[in-house]
Each structure stands twice: as C-alpha cells, then as structure tokens.
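Computed from the coordinates by the stated procedures, all read-outs in this text should not be read as laboratory data. Here the structure is a predicted model, which is why all the values come from computation and not from measurement. All Cβ positions, glycine included, derive from the backbone under ideal geometry; neighbour counts span all protein chains shown.
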Amino acid sequence: MAFESARSLIHSSRTMNSLFLYVILFISIKGFAYPDYAVRYNNISCTSCHISPVGGGPRNVDGKLFGAHGYKVNSLLIQPYVSADFRALFYNPQRPSSSKGGMGIMSGSIAGHVPLDAEKKIHLVIEQNIAGFSAAPYRDTYALFKLSDKLNSNWFESILVGRFRAPFGIITDEHRTYTHIQTATEWYTFENGILLSGTPSDKWHYDFGVVSGENSAGQNLNNGGAERSGALINFRWMPGAILFGVSGSFHDHEPRTDSTKAVALYSILSLARWTENKIPVSFKVEHARAWNWNSNLGRGFASDPNYVTAVGHANSLGWLAELDWELSEIFTLIYKYDFLQPDQNYASDIYDRQGIGFRWMIGPNTMIQVRTETARATVPSEANGAAQGAQDSTFAVLQLAL
Amino acid sequence: MKFLILGILIVIVQFGFAATPPSTCTACHGAQGISPNDNWPNLRAQKSEYLSEQLKMFRSGARVNALMSPIAKMLTDEDIKNLSDYFSKMKAP
C-alpha cells in the first residue's frame with residue numbers, strides 16, 4: 001500500500017452539518033456490519049475486539065474503545081469485566097398484527113467476564129438474556145483457555161468450552177439474515193460444546209467445534225433442531241483487501257436420514273483498504289446451502305405451518321449480499337439483499353428482500369440503525385402472510401452496547 | 001427505480017456536502033490526531049522519528065499490539081515516512 005499523501009489518511013469531521021439531510025432522505029432504513037473491519041484493518045482475529053474467537057458478544061477494552069467511534073467515552077464504562085447490549089425496536093410492517101408491529105424492547109443482555117488466573121490464560125464468560133424476545137437463560141457462556149499469547153501466529157490459539165455462537169458464515173449482529181435462518185445459525189442461536197480456534201498467520205484463521213446437538217434459540221438450553229452430536233468448521237483466508245471463507249456444519253439425528261448439514265461460502269471486500277480510503281465501501285456476499293434444516297423456518301419466519309412441514313427435509317439455497325458505504329466515521333449507508341429458496345426442487349418458490357438503510361453512531365457505543373425494505377414470498381400460501389419475509393417493512397433499532 | 005434515485009441523491013450529497021471519508025488512523029487516534037480516550041496516544045505534533053520507529057517496530061513484531069500490529073503490516077517505508085512527517089508537522093494542541 002502506498003499512500004500518495006498522508007493527508008489523504010486524515011479525516012475531518014464536518015459531517016454533522018449534513019447528517020440532518022441524510023436523516024430526512026433515509027428516514028426509513030437500517031443496517032449492521034462489523035466483520036468488514038477485519039478486512040479493512042488487516043486484522044483476521046476477532047479476539048482483537050471480542051473475547052470469543054468466533055466474534056460477536058462481549059468485547060474487551062480495545063473493542064469497547066474502538067466501538068466508541070471517536071466519541072470521548074466515560075472511563076468507568078471502559079473496563080474488562082462487564083459488557084452489555086440493549087436494543088429497542090420500532091417495526092412497521094406492511095400488514096401489522098397484534099403481535100407484529102409497534103415499538104418495544106428487542107433484546108437485552110448483560111455479561112460478566114473475568115480472567116481467573118494472573119497470566120490471564122483462563123477466562124470465564126457468562127452472558128445472561130434479561131429482556132426482549134430472547135429473554136431466557138444464557139447467551140455466550142463459556143470458559144476460554146488461551147493456549148498462546150502470540151499475536152496471529154498460533155496454530156492452537158484457544159479452546160472454548162461451553163455455550164457459544166456458531167462460527168458459520170458471515171458473523172454480523174443482524175439477528176436473522178436469510179442464510180442464517182436457513183442454516184439455524186441466527187444471532188440468538190447457540191451451540192454447546194468445545195471449540196478449538198487458531199490463527200496460524202495474519203492471513204488465515206480457523207475454528208473447529210464439536211457440539212452436543214443442543215443447538216438452541218436462546219429461549220432455553222435444549223430447544224432446537226439438532227438432537228445429537230454435531231461438528232462445525234469455519235476457515236477464512238485474507239490475502240489482502242479481500243477475505244474468503246468457508247463454513248460447514250453437521251448435526252446427527254435419528255433417523256440418520258434426518259441429519260442436518262449446511263455449508264457456506266463467503267467473501268468480504270474492502271474497497272476502502274484497496275483504494276487507500278478513496279472509496280470507503282465494503283462489500284459482503286455469502287452463499288449457503290442446507291439439508292434438512294427447514295424446520296427452522298417454523299421459528300417465526302414462515303407463516304404457513306403446512307408449507308414448513310412440506311419443505312422440512314428439502315435442500316435449501318440462500319444468498320446474502322450487503323454493501324456498506326462509510327460516509328464518515330459515524331455514518332454508514334447500507335444496501336442489503338437476502339434470498340432464500342427453501343426447496344431446490346421448486347425453484348420458483350422463493351423469499352427475497354432488499355433494503356436500504358443507515359447506521360448512525362450518535363454517541364460512544366450507541367447507534368441508531370434504520371432500514372426500509374421490500375420483501376417478496378412467491379409461495380401462494382405465504383405471499384400475503386404475516387411473516388416478516390412476506391411483506392415490506394420499515395424498522396429502526398436503537399442500540400446501546402457497553 | 002426508487003433505489004436508483006436514492007443512490008443518485010446519495011452521490012450528490014456525498015460529493016457536495018459531506019466530509020472526506022474516514023481513515024485508518026483517525027478511527028482510533030482522532031480526526032485531528034487527538035485521541036478521544038486516555039488509552040490511546042495523541043499523534044498530533046509527535047516527533048517524526050519517534051513515530052517512524054514505533055510504526056516500524058509494530059510492523060516487525062518488536063512491539064506488539066492487537067490492533068496496531070496488523071495495521072502497521074500494511075505500511076511501506078514510504079507510508080511510514082509520510083505519516084510520521086504529517087503528524088509531526090501538525091501544530092501542538
């Protein structure tokens with residue numbers, strides 16, 4: 001990378017004057033995205049900001065400071081022992097119902113995390129849901145054993161034992177991209193088991209997990225599609241301003257023909273890094289295929305239970321694409337596209353949606369995310385259903401993270 | 001169609017009114033080289049040789065930080081000189 005001028009790296013914050021105009025223009029939008037930071041800042045390891053090697057969840061001090069996005073932050077809030085995440089949602093669907101639409105607490109969780117030994121080799125993390133649709137026991141709850149202190153040069157970096165989010169596909173904090181619904185790896189879905197992670201160089205990283213099969217949705221510890229043992233693998237390679245990844249999951253079922261499998265290929269391109277910040281854009285794309293996972297569509301996605309039963313054991317196909325345009329340190333425009341074909345034998349039966357929105361950091365670790373989207377479901381019994389995937393909507397999320 | 005119109009408006013707004021895009025350094029060290037928190041250093045008016053030496057140490061691995069080390073590995077010698085000169089020539093706050 002050759003900077004023609006150091007000045008091009010420096011940014012002035014005259015944006016506030018124009019933010020009001022943005023809000024007027026894009027009042028009905030929303031978005032999320034953080035793995036692009038890994039590519040932009042050449043940092044393939046999620047533990048630079050998060051405690052878990054999978055990413056997401058409780059953050060370390062550097063993660064909290066980075067999340068302040070240039071705002072001066074109360075030093076009492078920047079400590080290594082407690083993290084929290086609260087989200088309030090305003091949701092305005094095309095066909096609101098008594099249970100869908102309006103304003104409320106979307107989610108809330110609080111986490112405690114401490115190193116147990118003086119060398120900080122063993123970390124204990126307990127994250128509790130306390131509000132919202134995932135108001136039930138535990139999110140990230142595990143013991144993390146650090147096998148090495150070296151930075152990005154460890155074949156065996158850590159072993160995690162406990163309850164963790166699946167290292168599958170592009171990890172964002174959007175709770176339900178179609179590819180993650182399709183593969184039962186949503187934002188609120190966790191696995192229980194053992195996870196080995198490594199970052200042999202600053203160009204590649206892997207996760208390998210053996211799980212109990214108690215894949216669950218945050219409401220309890222044994223509710224979910226998988227019933228027996230399973231395995232997860234995730235591998236990502238970042239040769240430069242682009243990252244490539246591949247993920248796979250398998251959960252054994254009885255009978256064996258019901259065993260669930262999923263694979264994902266994904267990539268993240270940082271034009272900001274590639275063009276030395278001249279084009280502050282990142283692009284993410286993910287392609288997922290899953291076998292026998294469609295019962296997950298019944299967890300609040302599809303509105304027709306007969307359709308969910310009919311495609312329950314089908315092979316599905318999905319796409320996620322997202323473009324993020326950072327207009328300033330605190331304001332990002334987002335375009336996002338989801339596609340889901342629940343049964344590859346019936347290619348005309350699909351869900352898709354696209355939306356445009358923004359993420360506006362209004363304070364340290366505090367943001368407003370807004371999006372308006374158009375959605376389509378071509379299955380006749382779903383087309384006019386109450387499911388979010390079948391109707392246009394506008395929603396806004398106010399998020400506070402500590 | 002409405003997305004196309006919105007896209008055009010965005011471009012107009014971006015180039016007509018908005019600030020320059022965010023940068024790699026300023027995300028942590030502040031828009032004017034003044035860090036917004038006590039954990040990360042100010043770069044504004046720092047000595048050029050000191051900045052060069054630290055960046056080269058991060059790049060080589062002689063000094064290690066989870067955030068800075070990967071960033072420094074993206075820099076060429078010319079980048080390091082330009083950055084060090086730039087921040088050192090800024091007026092002290």
*Ignore the peptide's own chain and count Cβ atoms of other chains within 10 Å of each Cβ in B:64-74; give me the average, rounded.*
6
_Reach of B:K91 by Cα under 18 Å, taken over aspartates and glutamates that are not fewer than 8 positions away in the same chain_ = B:E49
*Sticking to Cα atoms, compute the Rg of chain A to one decimal and its Dmax as the biggest Cα-Cα distance, whole number, in Å.*
20.6, 64
*Straight-distance crosslink candidates among lysines, where the alpha carbon sits under 21 Å from A:K278 and sequence neighbours closer than 8 are dropped*: B:K73, B:K81
*Just list whichever of A:K150/B:K89; A:K64/A:K150; A:K64/A:K146 have alpha carbons separated by over 27 Å in the model shown.*
A:K150/B:K89
*Using label points projected 7 Å from each Cα along Cα→Cβ, tell me how many nm separate A:F145 and B:A62, to one decimal.*
3.7 nm
*chain A - mean residue ellipticity at 222 nm from DSSP helices (-39,500 (n - 2.57) per run, n ≥ 4, rounded to 500)*: -2000 deg cm²/dmol
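Quantify how strongly other chains surround peptide A:59-67 by giving the mean number of their Cβ atoms within 10 Å of each of its Cβ atoms.
3
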*the stretch A:339-402: trypsin sites (Lys or Arg not before Pro) falling in loop per DSSP and having at most 16 other Cβ within 10 Å*: none
*Give the relative contact order (percent, whole number) for chain A; include only Cα pairs under 8 Å separated by 6+ residues.*
17 percent
*Scaled radius of gyration (Cα, divided by 2.2 N^0.38 Å) that the stretch A:315-396 gives*: 1.31
*Can you pull the mean other chain C-beta count within 10 Å for peptide B:26-38?*
6
*Where does each of A:35-46, B:57-68, A:257-268 land if you order them by average Cβ count within 10 Å, highest first?*
A:35-46, A:257-268, B:57-68
*DSSP-loop GluC sites (Glu not before Pro) across the stretch A:70-172, with at most 15 other Cβ within 10 angstrom*: A:E119
*Please give the net charge around A:P342, taking every other residue with its beta carbon less than 11 angstrom from that of A:P342, where Lys and Arg add +1 and Asp and Glu add -1.*
-3
*Express in nm, to one decimal, how much length is gained between A:W237 and A:D252 on full extension, taking 0.36 nm for each residue of separation and deducting their alpha carbon distance.*
2.6 nm
*Assuming 0.890 mPa s and 25 °C, estimate D for the stretch A:265-324 with Stokes-Einstein, Rh taken as the Kirkwood radius over Cα pairs, in µm²/s.*
178 µm²/s
*How far apart, in nm, are two points set 7 Å out from the Cα along the Cα-to-Cβ line at A:S153 and at A:I122?*
2.8 nm
_Cα-centred dipole magnitude for the stretch A:50-167, charges only on beta-carbon of K, R (+1) and D, E (-1), debye, nearest 20_ = 380 debye
